[in-house]
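S.K.: Got a structure here, written out as structure tokens. Questions coming.
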Amino acid sequence: MRTLRLVAFALTIASALVAQDPRPEEDETKEKEAPRFAPPDPWIKDEDEAKALERLGYLRVGRMTWGDGHDTPRIQEDLGKLPLIFIETAHFKLCSNLPLLEIPKEKDARKRLVEELERLRAKLPRLRPKSIRELDPWLRAHLFAQRLEELYAEVAGLFGVTDASFPPESETFYFRGDAPARWSAEWMGRGPYLGNKGKFLVLLFTKQSTCGRYVTTFTKAKSDASARWYFEQTDSFLFATALDFGEGAFRTDVALHAHVIHNLVHCFVDSFKGYSYVIPVWWKEGLAHRFRRQLTDEHNNFEAIKDQEKRAFTVYDWDERIRMRAEHGLVRPLAAIFDVEQCTDFDLVDHMACWSRVDFLLKEFPREKFGIFAGQVKGFVDGRGNPPEHARLLERQREALSAAYGLDPDTFEAQWLAWLKKHRRKQ
Amino acid sequence: MPMDFRRQQTAKDRLALDWHFPVYAPDLAEQPADDGKTNSGRAAVALPREKALLEIKGEDHRPLLVVRECGFCKGTDDALLSRRLNNEKTLLLTKWFHCVKLPNHVLTAEHPFRNLFAAEHPPHLFLCRHYGSEVMNLDGQQTQAQLWAAMEELLAREYEGDARQAVRGILRCLNEYDTLDSLEAEFRVRLEETLDKDGAKSPKVRALQRKIDAIQKDRADVEARERELLDLRLRPLKAAEDQAAGVRGG
């Protein structure tokens, strides 16, 4: 069985409010009281908390289990007296340590934010989106909780699945061979969160050092950058980042949002139908770019990119650029990257091409075909959870492309290039 | 091409502080599989100073530079760096240290690394030999000259090469990197635009690529020089101790 490679990569800011809550005495006979250093939520104060949480669509705030061998009190204990807001939604557990942020002055950014806040207002009646001047830490947490669930719904919709498509939490099987017929006939993973038993874990820190400490303590990922990690015992994916990474690249709300989208799409694809093997990266990265570019053309994020491509972070007009390159025959063909699992030697043109190919599939074919394609590439395991030999996996991708779209890689490439040309002529 | 006096990317990368954020959580390796219950695990306990040092230094035998975060610094490196003066020399000197950053709450009684700051008025940062001796405490308000003096003294004991001379040489390398980065960025932008507009067969492409290749060659030369300057050669452990004894006159 191929070793699962767990990808970690990075990105940065900090302010720590130190509250003075006394730490409770430890008592071996009682469950430890969970210290909270975040101030109470001002948006639901004076309300019945249970009703407010229900309206927000949250299962709980504060104390909850988290990844392998640790929970939120343990995180709080190890990271110190930081104001950490923990929220559990339908599909996520979010830890937010984001500081207060002024509403952006730039017109488009402000308009986009106000639209989101209008949607949030249905759950936070005190919110006045048009007159608000700043986002306090709790509001930022609520906003990200909403964003995470909206992104999940979009990706699940694209894959053609709902919560009911996956085994419920009550199921306890681990391997396909142990699953009841309903769940072994077509392997959909072990649990309800796109196939994972555990919810997606998202940590948004301000300081690079805090993120580094969390990652060093609880995972084996590198601590000098944003990290994604898979917890085997809880069968859950984690994404952790800090505003400080990339010399403060994520200090603006839209930059952080873009960064989260890019990484979570990767988590969703990896989780889909269970995390059992690494898949070719071209469409996963292309999909991540697509979702991120739906939010903003700027704030490029890359799974990996060749070292000298520093200018990649300042080039945004991808549709025009990829067309020009394709016209001159300067795009690496799909056949050359179809089976590649890492994009460490991708340059900007390769990334633009990945995005554009996925864009082509989603625009020119019925959307449900993408779910058919993804569904066939993933979940290809035997009774003991083992994927087939690598060559067979790669062959499976070809079969999936053919089953969903009636294409092989060369025909796909030819159609995509023709589509690019057609679009350029229309302009 | 307009002159850009800011540090370019290569120099910025070289000047980045390489912090290590050590943690002590041996219990996590022994945790049973999660059973859905919350689990706040161990009772934290302050380690003896020697053990705390061993935990943070690991297999790294470089001298230590240990900073504890505080509410005033708010995640910056203000305890080490000056807000008013050029910090490049400081940043380069750190290359030969194992730089450790500990959290705000390291001063709480039960933090595993508490005894690294056991003094009545704990320092904001300290430097020491790799095995923890000859501690030089600093309060975060030190002058740059005081900081450099402390760092250079420790480096002279732990390394065979001359850190001060090496820093001068590396600063020259950084200036060369800036020139190369600026030129390369300019040529690459022109190359990309030419490829977009005219394709790969344009003669301009070959000319620009030749220029970029020449820059890469120059860059490789600078990197080789930089590597040599960075290699100050840690003294063998026993020799370092003898040297320190000689310095003390003992």
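None of the figures in this text is laboratory data; all of them are computed from the coordinates on show. In this text, all values refer to a predicted model and were calculated from it rather than measured experimentally. We place every Cβ from the backbone using ideal geometry, glycine too, and count neighbours over all the protein chains shown.
S.K.: Note down the magnitude of the dipole of region A:49-271 about its Cα centre, charges +1 on Lys and Arg C-beta and -1 on Asp and Glu C-beta and zero elsewhere, to the nearest 20 debye.
M.R.: Magnitude of the dipole: close to 720 debye.
S.K.: Percent relative contact order of chain B, based on C-alpha pairs within less than 8 angstrom and at least six residues apart?
M.R.: For chain B, the relative contact order is 22 percent.
S.K.: Distance in nm between label sites at A:E106 and B:R84, each 7 Å beyond Cα in the beta-carbon direction?
M.R.: With each label placed 7 Å out from Cα toward Cβ, I get 3.5 nm.
S.K.: R0 = 45 Å: FRET efficiency of A:R126 with A:L362, Cβ-based, nearest 0.05?
M.R.: Efficiency at R0 = 45 Å is approximately 0.70.
S.K.: Among B:H105, B:C128, B:L154, flag the residue with its Cα farthest along the positive direction of the charge dipole of region B:34-168, charges on Cβ as +1 for Lys/Arg and -1 for Asp/Glu.
M.R.: B:H105
S.K.: Next up: Calculate one ³J(HN,Hα) per residue across region B:44-60 by plugging θ = phi - 60° into the Karplus curve 6.51 cos²θ - 1.76 cosθ + 1.60, and present them in order as whole Hz with x for glycine and proline.
M.R.: 6, 9, 6, 7, x, 4, 5, 5, 4, 4, 4, 5, 7, 7, x, 9, 8
S.K.: Just B:H121, B:H105, B:H20 to compare: in a GNM of chain B, with alpha carbon springs under 10 Å, which one fluctuates most?
M.R.: B:H121
S.K.: Between B:Q142, B:A119, B:L81, whose Cα lies farthest towards the positive end of the dipole of the protein assembly as shown when Lys and Arg beta carbons carry +1 and Asp and Glu beta carbons carry -1, centred on the Cα centre?
M.R.: About the Cα centre, the residue reaching furthest to the positive side is B:L81.
S.K.: Something else about it: Determine which lysines satisfy two conditions relative to B:K197: a Cα distance under 16 Å, and not lying fewer than 8 residues away in the same chain.
M.R.: Candidates past the 8-residue exclusion: A:K421.
S.K.: Hey, another quick one. Dipole size in debye (nearest 20) for the protein assembly as shown around its Cα centre, Lys and Arg Cβ +1, Asp and Glu Cβ -1?
M.R.: Charge dipole, the protein assembly as shown, about its Cα centre: 1680 debye, nearest 20.
S.K.: Excluding residues fewer than 8 places away in the same chain, name every one of the lysines whose C-alpha is closer than 26 Å to that of A:K107.
M.R.: By straight Cα distance, A:K107 reaches A:K123, A:K130.
S.K.: Same structure again: Round to a whole angstrom and tell me the spacing of the C-alpha centers of region A:269-347 and region B:70-107.
M.R.: 36
S.K.: Follow-up. Against the longest alpha carbon principal axis of chain B, how many degrees, from 0 to 90 and to the nearest 10, is the axis of helix B:203-230 turned?
M.R.: Computed tilt is about 30 degrees.
S.K.: Amide H to amide H, which residues 5 or more places from A:L203 or on other chains are under 5 Å from it, using H placed in the peptide plane?
M.R.: Amide H neighbours of A:L203: A:C95, A:F239, A:A240, A:T241.
S.K.: Positive end of the dipole of chain A, charges at C-beta (+1 Lys, Arg; -1 Asp, Glu), about the Cα centre: which of A:Q76, A:N300, A:W229 has its Cα farthest in that direction?
M.R.: Value: A:N300.
S.K.: Here's something else I'd like to know. Can you give the angle from 0 to 90° between the axis of helix B:163-198 and the longest principal axis of chain B, with both taken from C-alpha atoms, to the nearest 10?
M.R.: 40
S.K.: Find the centroid of the Cα atoms in region A:198-265 and in region A:66-113, then give the distance between the two in whole Å.
M.R.: Centre-to-centre distance over Cα atoms comes out at 11 Å.
S.K.: List, in order, the whole-Hz ³J(HN,Hα) value for each residue of region A:183-189 obtained from phi through the Karplus relation with A = 6.51, B = -1.76, C = 1.60 and θ = phi - 60°; use x for Gly and Pro.
M.R.: So the J values, rounded to whole Hz, are 10, 9, 4, 10, 5, 10, x.
S.K.: Whose amide H sits under 5 Å from the amide H of A:G195, counting only residues 5 or more places off or on another chain, with H placed in the peptide plane?
M.R.: The list, which skips near neighbours in sequence, is A:K273.
S.K.: Additional query: Can you list which of the chymotrypsin sites (Phe, Trp or Tyr not before Pro) found in region A:309-404 are DSSP loop residues with at most 15 other C-beta atoms within 10 Å?
M.R.: A:Y316
S.K.: Let me ask something else about it. Grab the Cα-Cα distance for B:S202 and B:N137, subtract it from 0.36 nm times how many residues apart they are, and report the gain in nm with one decimal.
M.R.: Going from the current span to full extension adds 17.2 nm.
S.K.: Run the dipole for region A:295-426 about the Cα centre, Lys and Arg Cβ at +1, Asp and Glu Cβ at -1, nothing else charged, and hand back the magnitude in debye, nearest 20.
M.R.: Dipole magnitude for region A:295-426 comes out near 480 debye.
S.K.: Could you give each residue of region A:402-410 its phi-based ³J(HN,Hα) in whole Hz, using Karplus coefficients 6.51, -1.76, 1.60 with θ = phi - 60°, and x for Gly or Pro?
M.R.: 5, 5, 7, 10, x, 10, 10, x, 6
S.K.: In percent, how large is the relative contact order of region A:295-426, given Cα pairs closer than 8 Å and 6 or more residues apart?
M.R.: That works out to 26 percent.
S.K.: On a 0 to 90° scale, report how tilted helix B:144-158 is relative to the longest principal axis of chain B, with both axes built from alpha carbons and the result rounded to the nearest 10.
M.R.: 80
S.K.: What relative contact order, as a whole-number percentage, does region A:97-181 give when Cα pairs under 8 Å and 6 or more residues apart are counted?
M.R.: 30
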